[in-house]
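One structure is given here, and the rest of the page talks about it.
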Amino acid sequence: MDCHLHIDGEVEGTIHSSNTVVIGKNGVVVGDIFAPRLVVSGKFNGNAQADVIEIMPLGFVDGKIISSELVIERKGILVGESRPKDNAHPLLDNKTNLLEKKA
């Protein structure tokens, strides 16, 4: 999908987008989302991979997310697992070296 996607209904399945995906306050998505940016104001259950993931106030995410940048606003909820995207932070490159120095 090449356009901005705003969901205020129910969607089940996989979403591949080259633009922003927004789950509105009344939106419910069950499945997987792959996009440059994901904004959740409603409910999302599944796996997501994006450069930026934002969970807005009263937004709810249950699942596994992978992102370079994660923003959880006050009263936003994340249940599950959050992992940084490869090379999302300079310290991740040196993780092995830091562990070796401690040993």
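The values are calculated or read from the model by the stated rules, or taken from the named source; none is laboratory data. What you see is a predicted model; the values in this text were computed from it and never measured. Here the Cβ positions follow ideal geometry from the backbone for every residue, glycine too, while neighbour counts run over all protein chains shown. SASA here: full protein model, heavy atoms, side chains in, ligands and nucleic acids out. Shrake-Rupley method; radii C 1.70, N 1.55, O 1.52, S 1.80 Å.
Model label sites at Ser18 and Leu58, defined 7 Å from Cα along the beta-carbon direction, differ in position by 3.5 nm. Surface composition of region 20-91: carbon and sulfur atoms hold 51% of the protein heavy-atom accessible area at a 1.4 Å probe.
Using θ = phi - 60° in the Karplus curve 6.51 cos²θ - 1.76 cosθ + 1.60, the 3J(HN,Hα) couplings for region 65-73 round to 10, 10, 8, 7, 9, 10, 10, 10, 6 Hz; x is entered for Gly and Pro. Phi angles of region 4-19 translate, via the Karplus equation with coefficients 6.51, -1.76, 1.60 and θ = phi - 60°, into HN-Hα couplings of 5, 10, 10, 10, 10, x, 10, 9, 10, x, 10, 10, 10, 9, 9, 9 Hz per residue; Gly and Pro are given as x.
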